[in-house]
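Pasting a structure below so you can have a look.
All of the numbers you see were taken from the coordinates with simple rules; none came from a lab. Since we're looking at a predicted model, the values are computed, not measured. Neighbour counts are summed over all protein chains in view; Cβ atoms, including those assigned to glycine, are modelled from backbone coordinates with ideal geometry.
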Amino acid sequence: MNLGRMCSRLFARPPGLLLLLLLLTALAPAVAFADQPFSFDTTPGKLPKTVVPRHYTIRLEPDLEKFITRGSMTVDVDVRQPVAEIVLNALDLEVTRASVIEDRETALAISPDPEKQLVTLKLPAPIGPGHYRVALEFTGHLTEHAQGLFYVRYAAPSGKKIMLATQMEPADARRMFPCWDEPAFRATYDLTVVVPQKHLAVSNMPVESETNLPNGLKEVKFMRTPPMASYLVVLVSGELEELKGEADGVKIRVITTEGKREQARYALEVTEKVLPYYDRYFGIRYPLPKLDQIAIPGGFDGAMENWGGITYNESMLLFDPQTSSLQTKRDIFVTVSHEMAHQWFGNLVTMAWWDNLWLNEGFASWMENKATDHFNPDWEMWLTAGLEKSGVMSEDARKTTHPVQSPVDNESEADDSFDNITYIKGQAFLQMLENFLGEKQFQKGIHRYLAAHEYSNTTTADLWDALEKSSGKSVAAMSAGWTEQSGLPVVMVKSDCTGGRQVVTLTQERFTVCDPDAQPLSWTIPVAWFDTARPASARYVVLQNTPLTINLPDCADAIKLNAGDFGYYHVSYEPAWYQKVKITGLPPADQLNLLSDTWAMVEAGRASSTNYLALAEALQAAKTYAVWSHVLSVLELIDSLEQNQPGRANFQQYARRLLQPQWQRLGWSPRPAEPVGDALLRGRILGTLGQFADPAVVAEARARFDQFLARPETLPADLRPSVLNIVGRYSDKKTYEELHELARTAKGTEERQMDYRALAGALDPALAQTTLDLSLTDETVPQEASDLVAQVASDGEQTELAWRFTQQHIKELLAKVDSFDRDDYVPSILGSCSDAARADELKKFAASVSEDSVAKADETAEDILFKAALKQRELPSIDRWVAASAQTPDAARR
Ligand code: BES
Ligand code: ZN
């Protein structure tokens, strides 16, 4: 398939067809289906709704020698209609005994269905509606995979250790105990566990009692939880340390493994700030008596909002002022704010089913920025969110996109819903909505929603209803197009001047990249605009699928749309507009927005990349981190397209020249009290200059690395990732060995990941092979070992080598990957590839490995074809631009 040609059809579309499409769009109903308010009985899911659990009493005895868990439990259930069987979830569990108790105990026949992850308990005779107690005994299996109850091995100062942790979402509580493992089945939990006496055991609620047992064991009983979804149950148990605090009467702990308590200070400080902030923002106090933030040294990547006991990979929670960078500090604030937002949005009020996952994740992703920005106004949080938004808009323009709300039929589809569309499109839409409704109205609506549905479940319709009531605006009608349709619009701006007056006409169409047959759609777009002569005063118009006009008094004026970059749509201006508007005169958010729109037009084949480069050159003196970050990402993308192309060296030289003044301004040494943006930008530009082989930067990075080996404190934490990456990229055997030694002896997860990443970036094929071989060994955490292969392909530019290696060793590699990431593993190896021939290879190989990875492979294959087309279309003009600019002195070009 020749995608280059396919893409070009996009702008060669005949006007007649366009008119017809517009007409069809106008006639078609705005959305295919409308979401209904929550009702338990119509909520999707596999489990029958005839028997509903109300309360679980669970006792678990994990055995860390046999790697099994013996369990017993009773569940108080409501039988709502006569039934002859009780169906619930169980996976990799042997249910050994089951009975139902009313006045007397009746044994149940147990019939497991592993395929459907269900167990059916058959009654000798049907029972009528009423309250019953189901009693079960079962045995579960402990593995190292973060699914259900799992164990983590790690090294502590006093020796090798093992601890227990859980990861349930979306559907793995059923591996720890039999349960109604769908989010609408809320119940209360009394959990009791038997663990070694030297362990600290943590669950959702505080400990009610601890009793010592023989053999160095103890029984820990936790207090009863509020009614909640099974995916929020947590248990962590190990030789742990705690750092204690308090906020708004809630007991807070940050829990770490041995020797890391000091690194918990920052997370404690963040929690103590954010909890009262949320109490106030939501207008509902945090409902549990305690909140634990738990650092797990491996086993899973990420963070999980279990109610009252949030788990984090320790790299996302622990901060060491000596070695952790500002970026890490920011990430911790963001992650903690995200998971804490879920305590209300997700835990107190839970989406009914996984098709509404965006209610959880979109909202928490939005709130993480709101909270982080509130406490750290100089961190450019919303600008950084703007960068992420521009990335997801690019995904959303492709054929492989899907609506924010899509049907979810089974557990594997629930897993797949945790993607950028759910998280980032979700958050970007909320950002647009908040700005349109007004901050206070929006907050009131959120309070109303939480208060109306606390300890219950919801759908998107319930959120719109609350926001509609608080704002008086038709939120549901406006929002449906954004959450129930795929894709996004582009607003076209046309200006006419007659008799000295300017009429600006706005129209919309669906914005696509390489998807000429996309269904035409339209949206209700709240368009904020301002006159570029007066950036302070933004106004809203609501654009539907009919043209809308704005009158301006003067023909010299120009309006900019998407003021403040709050909107989720692109804008296309006429060439004359660029003559009137100077990007340097716009506020940073609008600069970023213009860069993002311009690059999107390049991706869609509606503009040339030289339009983008012209803007980047104009912004050479800009000081905003996020603005630069966009430019650097585009330059890095172009550089990756230039791989193995004749123009690469010249392009790199051009890019280095573009970055030079900024690098001169920032220099190697952090200045006291400098803006946070400068500190972030220094590391970022340094990394890019290193990638572009700047000789002075590479030499200095090497010198600083040598110094660092002798005296680690000489290298500022913010420069460390970039310096290591540069040294790793150009390393010889000796340097590689030095990095390897650092990696092997790293004390924490953040450090270890950084060191391995640096050595995986080595360009030397022999060293790349050494890294690939390393990925099969046990020297590092399994998930991180398996990640090395994709890093060799992208950072090390050894696609061929890494791809062949993956094909040869796929079984061993997949065995190391967390189940959640498994379907993305094969596609991730070719994530940075732009060689069209690989697209089919990828699809074939992925299909031969597992059905589950086909969807992700299709997405990546499309992206490879897109990049191949972009390369073919854009490199010639980029190379000409670069050549012309080499002949022009810098001063003349600006
Ligand atoms: N609820 C998720 C954790 C999760 C993710 C469970 C995927 C199951 C599947 C949690 O709130 C989350 O989004 N964690 C993120 C980090 C966060 C700061 C965006 C993660 O784990 O990557
Ligand atoms: Zn989340």
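Restricted to Cα positions, what overall size does the range 609-707 have along the principal axes? Three whole-Å values, descending.
40, 31, 16
Taking N as the number of residues in the range 81-169, what is its Cα Rg relative to 2.2 N^0.38 Å? Let's see the in-between values first.
Working: Rg = 17.9 Å, N = 89, 2.2 N^0.38 = 12.1 Å.
The value comes to 1.48.
Tell me, what is the FRET efficiency for residue 872 and residue 122 to the nearest 0.05, using R0 = 51 angstrom and their Cβ-Cβ distance as r?
Working: r = 63 Å, r/R0 = 1.24.
Approximately 0.20, to the nearest 0.05.
Which Rg and Dmax, in Å, describe the Cα atoms of the range 566-611?
10.5, 27
Another question, then. Can you tell me what the convex hull of the Cα atoms of the range 168-224 projects to on average, as an area in nm²? Display every interim value, and only then the final one.
Values: hull surface 17.9 nm².
Result: 4.5 nm².
Another question, if that's okay. Can you list the HN-Hα couplings for the range 544-559, worked out from phi with the Karplus curve (6.51, -1.76, 1.60; θ = phi - 60°), rounded to whole Hz and with x for Gly and Pro?
Karplus values, whole Hz, x for Gly and Pro: 9, 8, 10, x, 10, 10, 10, 9, 10, x, 10, 6, 7, 6, 9, 9.
Further, regarding this structure: Efficiency by 1/(1 + (r/R0)^6): what FRET value for residue 133 and residue 671, r their Cβ-Cβ distance, R0 = 51 Å, to the nearest 0.05?
0.15
If you don't mind, there's one more thing I want to ask. How many nm is it between the label spots at residue 714 and residue 556, if each spot is 7 Å from the Cα in line with the beta carbon?
5.8 nm
Here's something else I'd like to know. In what order do 168, 223 fall by count of nearby beta-carbon atoms within 10 Å, going from fewest to most? Intermediate values should be presented prior to the final figure.
Values: 168 25, 223 18.
Ranked by crowding around the Cβ, least crowded first: 223, 168.
Quick one: 511, 436, fewest Cβ neighbours within 10 Å first, how do they rank?
On the way: 511 26, 436 21.
Ordered from fewest to most neighbouring Cβ atoms within 10 Å, 511, 436 come out as 436, 511.
Listing 101, 58, 864 from the residue with the fewest other Cβ atoms within 10 Å to the one with the most, what is the order? Before the final figure, lay out each step's value.
Values: 101 13, 58 22, 864 26.
Going from sparsest to densest Cβ surroundings: 101, 58, 864.
For each pair in 329/734; 273/389; 273/425; 273/329; 329/816, compute the distance between the two Cα atoms and list the pairs where it is over 24 Å.
Values: 329/734 32 Å; 273/389 27 Å; 273/425 27 Å; 273/329 15 Å; 329/816 29 Å.
Long pairs (Cα-Cα over 24 Å): 329/734; 273/389; 273/425; 329/816.
Running Debye on the range 793-838 with equal point scatterers at the Cα sites and no solvent, what base-10 log of I(q)/I(0) appears at q = 0.18, 0.24, 0.29 Å⁻¹?
For the requested q values the scattering log ratios are -0.54, -0.90, -1.14.
Another question about this same structure. Run through every distinct alpha carbon pair of the range 247-331 and return the Kirkwood hydrodynamic radius in angstroms, one decimal place. Could the numbers behind the result be given before it?
Details: mean 1/r = 0.0745 Å⁻¹.
Hydrodynamic radius (Kirkwood, Cα pairs) of the range 247-331 is 13.4 Å.
Please compute the length gained on full extension between residue 265 and residue 41, using 0.36 nm multiplied by the number of residues separating them and subtracting their Cα-Cα distance. Mind showing how you got there, number by number?
Details: separation 224, 0.36 × 224 = 80.64 nm, distance 4.59 nm.
Separation in residues times 0.36 nm, less the Cα-Cα distance, equals 76.1 nm.
Taking θ = phi - 60°, what integer Hz values does the Karplus form 6.51 cos²θ - 1.76 cosθ + 1.60 yield along the range 483-494, in sequence order, with x for Gly and Pro?
9, 9, 9, 6, x, 8, x, 10, 9, 9, 10, 10
To make sure I understand the rule: partners must be lysines, Cα under 20 Å from the Cα of residue 160, and not fewer than 8 residues away in the same chain. Which ones qualify?
Straight-line reach from residue 160, under 20 Å: 66, 198, 260, 747.
Here is a further query. Less than 13 Å Cβ to Cβ from residue 254, Lys/Arg counted +1 and Asp/Glu -1: what total charge do the surrounding residues give?
Values: positive: 244, 251, 253, 260, 261, 265, 290; negative: 241, 242, 246, 262, 269, 272, 292, 314, 339.
Summing Lys and Arg as +1 and Asp and Glu as -1 gives -2.
Per residue of the chain, what 222 nm ellipticity follows from adding -39500 (n - 2.57) for every DSSP H run with n ≥ 4, rounded to the nearest 500?
On the way: 28 runs with 378 residues, N = 894.
Rounded to the nearest 500, it is -13500 deg cm²/dmol.
Return the inverse of the average 1/r over all pairs of distinct C-alpha atoms in the range 657-754, which is the Kirkwood hydrodynamic radius, in Å to one decimal. Walk me through the numbers on the way to the answer.
Working: mean 1/r = 0.0714 Å⁻¹.
Averaging 1/r across every pair of different Cα atoms and inverting gives 14.0 Å.
With a sphere of radius 10 Å drawn around the Cβ of residue 185, what net charge do the other residues whose Cβ falls strictly inside it have (Lys, Arg +1; Asp, Glu -1)? Intermediate results must be reported in sequence, preceding the final value.
Numbers: positive: 49, 54, 186; negative: 181, 182.
Surrounding charge for residue 185 is +1.
Per-residue HN-Hα couplings for the range 583-593, Karplus 6.51 cos²θ - 1.76 cosθ + 1.60 at θ = phi - 60°, whole Hz, x for Gly and Pro?
Working through the residues one at a time gives 4, 5, x, 8, x, x, 4, 6, 4, 4, 4 Hz.
Take the Cα gyration tensor of the range 752-797, multiply each eigenvalue by 5, square-root it, and list the three semi-axes largest first, rounded to whole angstrom.
Details: eigenvalues 48, 23, 14 Å².
Rounded to whole Å, the semi-axes are 15, 11, 8.
On average over all directions, what projected area in square nanometres does the range 517-626 have, based on the convex hull of its Cα atoms?
Working: hull surface 31.1 nm².
Convex hull of Cα atoms, orientation-averaged projection: 7.8 nm².
How big is the Kirkwood radius of the range 133-206, worked out from every pair of different alpha carbons and given in Å to one decimal? Intermediate values should be presented prior to the final figure.
Details: mean 1/r = 0.0697 Å⁻¹.
Taking every pair of different Cα atoms in the range 133-206, averaging 1/r and inverting gives 14.3 Å.
Hey, another quick one. Within the range 196-254, which trypsin sites (Lys or Arg not before Pro) sit in a loop by DSSP and count at most 10 neighbouring Cβ atoms inside 10 Å? Each step should come with its number before you reach the end.
Values: sites: 198, 218, 221, 224, 244, 251, 253; in loops: 198, 224.
Those satisfying the criteria are 198.
So, one more: Return the distance in nm (one decimal) between the two label points of a simple spin-label model at residue 496 and residue 64, each offset 7 Å from Cα along Cα→Cβ.
7.7 nm
Can I ask one more? Quick one: divide the alpha-carbon radius of gyration of the range 433-539 by 2.2 N^0.38 Å and tell me what you get.
On the way: Rg = 18.1 Å, N = 107, 2.2 N^0.38 = 13.0 Å.
Ratio of Cα Rg to 2.2 N^0.38 Å: 1.39.
Given N residues in the range 707-810, what is Rg(Cα) / (2.2 N^0.38 Å)? Don't jump to the answer; show the numbers that get you there.
Details: Rg = 13.1 Å, N = 104, 2.2 N^0.38 = 12.8 Å.
Dividing the Cα radius of gyration by 2.2 N^0.38 Å gives 1.02.
Let me ask something else about it. Tell me, in nm to one decimal, what length is gained between residue 636 and residue 441 on full extension, where the rule is 0.36 nm per residue of separation less the Cα-Cα distance?
Numbers: separation 195, 0.36 × 195 = 70.20 nm, distance 4.12 nm.
Between residue 636 and residue 441, full extension yields an extra 66.1 nm.
For residue 703 and residue 815, compute 0.36 nm times the residue count separating them, minus their Cα-Cα distance, and round to one decimal in nm. Before the final figure, lay out each step's value.
Working: separation 112, 0.36 × 112 = 40.32 nm, distance 3.95 nm.
My answer for the length gained is 36.4 nm.
Give me log10 I(q)/I(0) at q = 0.21 Å⁻¹ for the range 805-886, Debye formula, one equal scatterer per alpha-carbon, no solvent.
Each listed q maps to, in turn, -0.88.
Around residue 473, under 13 Å between beta carbons, what's the net of Lys plus Arg minus Asp minus Glu among the other residues?
On the way: positive: 444, 469; negative: 434, 465, 468.
Taking every other residue near residue 473 into account, the sum is -1.
While we're here: Give me the Å³ per residue figure for the convex hull around the C-alpha atoms of the chain.
Values: hull volume 152.3 nm³, N = 894.
Taking only Cα atoms, the chain has a hull volume of 170 Å³ per residue.
Given R₀ = 45 Å, FRET efficiency for residue 549-residue 374 by Cβ-Cβ distance, to 0.05? If you can, show how the numbers build up before the last one.
On the way: r = 38 Å, r/R0 = 0.85.
Efficiency for this residue pair is about 0.70.
So for the pair residue 614, residue 78, with labels modelled 7 Å out along Cα→Cβ, what separation do we get in nm?
6.7 nm
Remind me, what semi-axes does the range 721-765 give for its equivalent ellipsoid, largest first in whole Å, using sqrt of 5 times each Cα gyration tensor eigenvalue?
Numbers: eigenvalues 56, 23, 11 Å².
Ellipsoid half-lengths, sorted descending, are 17, 11, 7 Å.
Looking at the range 337-440, which GluC sites (Glu not before Pro) are in a loop (DSSP not H, G, I, E or B) and have at most 15 other Cβ atoms within 10 Å?
On the way: sites: 339, 361, 368, 380, 388, 395, 411, 413, 434, 439; in loops: 380.
Sparse-neighbourhood loop GluC sites (Glu not before Pro): none present.
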